[in-house]
């Protein structure tokens with residue numbers, strides 16, 4: 001009887017230890033939020049609003065910012081299943097349609113990423129004053145970029161992503177105002193004028209994951 | 001009677017509007033935590049552990065890191081009331097004592113800082129997945145440095161501080177694992193060997209606030 005008790009205690013201790021180890025998590029399938037992207041050597045800073053649907057494999061990104069002295073604006077809808085993306089201009093009521101030769105990669109910690117640290121942003125001394133996050137590092141197999149990803153422990157929400165491309169520099173994306181869900185599913189439907197004569201078709205495939213797609 | 005009711009509603013609406021406006025907050029008087037400091041142009045990265053006592057006006061900072069190829073280590077105790085600081089080396093059992101010609105500035109949002117944004121790090125869609133923070137910007141009157149400070153909305157806990165000194169660059173400090181309180185008050189007491197013959201006395205005053213003291 002005593003042996004069974006000891007075994008139970010050891011087993012439950014082992015299981016709880018396993019449960020507490022941070023795991024390579026995947027973000028919720030519907031997500032929308034904002035991000036600030038800092039380009040290498042502070043050359044430009046871009047604010048983006050994005051909408052992410054991992055079930056239908058669609059991403060919409062609207063970016064505004066400055067590149068040196070120039071204003072930057074981009075409104076892009078990526079439809080991975082249809083292997084196509086649209087650059088939309090409501091101002092001109094025109095569209096650029098291009099092929100998208102990439103498989104959809106969900107927002108997640110890559111399986112070969114190495115867990116570096118679990119930290120609290122702010123403090124857990126009082127409620128709503130801190131956030132438990134994990135930091136993971138690794139090298140992207142395709143692009144050879146070194147990355148550092150910081151996601152929340154609960155919910156697997158991205159907080160910070162850093163990609164370093166050799167000879168180019170650091171791309172730092174800070175995520176904020178994230179909402180689980182999609183407020184308006186119409187953001188994934190190309191506007192009517194994308195099917196009219198104003199459509200320009202391109203053929204340039206590019207391989208992307210979520211974090212490089214938003215750069 | 002109706003007029004009183006209307007007045008009450010107006011007053012409570014006004015008060016709640018005032019209460020919701022982010023205010024120039026001050027951090028709790030006892031605080032300990034860690035920070036990562038990124039020096040200009042990524043030249044060096046330093047990890048620090050700090051202890052902060054705003055009532056007795058004392059700060060202890062232990063820093064380890066790299067400056068280029070060199071390892072950096074610093075263990076400094078700043079006693080603002082006594083107008084003195086100690087650089088402590090447990091390895092050599094030696095101490096450097098120097099005068100500290102500065103008034104203590106508590107960790108707080110300066111009164112002339114401008115509120116830039118309130119954002120959620122992560123998401124408020126589920127509990128413990130997000131953190132409400134405020135970002136403030138301004139120019140330090142003494143050093144003329146432009147700064148950006150991000151503190152939690154609840155509890156006024158520092159999350160990120162950025163100081164930009166003209167001709168030098170950005171100093172970015174990320175705070176984490178913050179605890180309200182002091183685990184061991186002995187961190188503010190200089191070790192015995194700081195009062196022995198191994199003490200070296202310096203006389204170089206410098207003006208500091210918390211964020212520049214930890215650089």
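The values are calculated or read from the model by the stated rules, or taken from the named source; none is laboratory data. Remember, it's a predicted structure, so these values are computed and weren't measured experimentally. A quick note on method: Cβ atoms are made from the backbone with ideal geometry, for glycine too, and the neighbour counts reach across all protein chains shown.
Miscellaneous remarks
- Taking (1) outside the structural domain of residue A:89 (by the TED database); (2) more than 21 Å from residue B:119 (Cα to Cα); (3) modelled with pLDDT of 85 or more in turn, residue A:27 satisfies each apart from (2).
- Cβ separations smaller than 8 Å between residues 6+ apart or across chains give the following pairs from region A:101-119 residues that are outside any loop (DSSP other than H, G, I, E, B) to residues that are loosely packed, with under 14 Cβ neighbours inside 10 Å: A:108/A:26.
- Where residue B:175 falls short, out of the listed (1) closer than 30 Å to residue B:89 by Cβ; (2) surrounded by fewer than 20 Cβ atoms within 10 Å (Cβ to Cβ); (3) out of contact with any helix residue (DSSP H, G or I) (no Cβ under 8 Å at 6 or more places or on another chain): (2)
- Filtered residue count, region B:165-204, keeping only those that are within 12 Å of another protein chain (Cβ to nearest Cβ), at pLDDT 90 or above and outside any loop (DSSP other than H, G, I, E, B): 7
- Residue A:141 being more than 14 Å from chain B (Cβ to nearest Cβ), under 25 Å from residue A:57 (Cβ atoms) and not in a loop (DSSP other than H, G, I, E, B): no
- From B:148, B:125, residue being crowded, with 16+ Cβ neighbours inside 10 Å, part of a loop (DSSP other than H, G, I, E, B) and touching a strand residue (DSSP E or B) at 6+ places or on another chain (Cβ under 6 Å): B:125
- Any hit, region B:39-62, residues being in a loop (DSSP other than H, G, I, E, B), within 14 Å of another protein chain (Cβ to nearest Cβ), at pLDDT below 70 and surrounded by fewer than 19 Cβ atoms within 10 Å (Cβ to Cβ): yes
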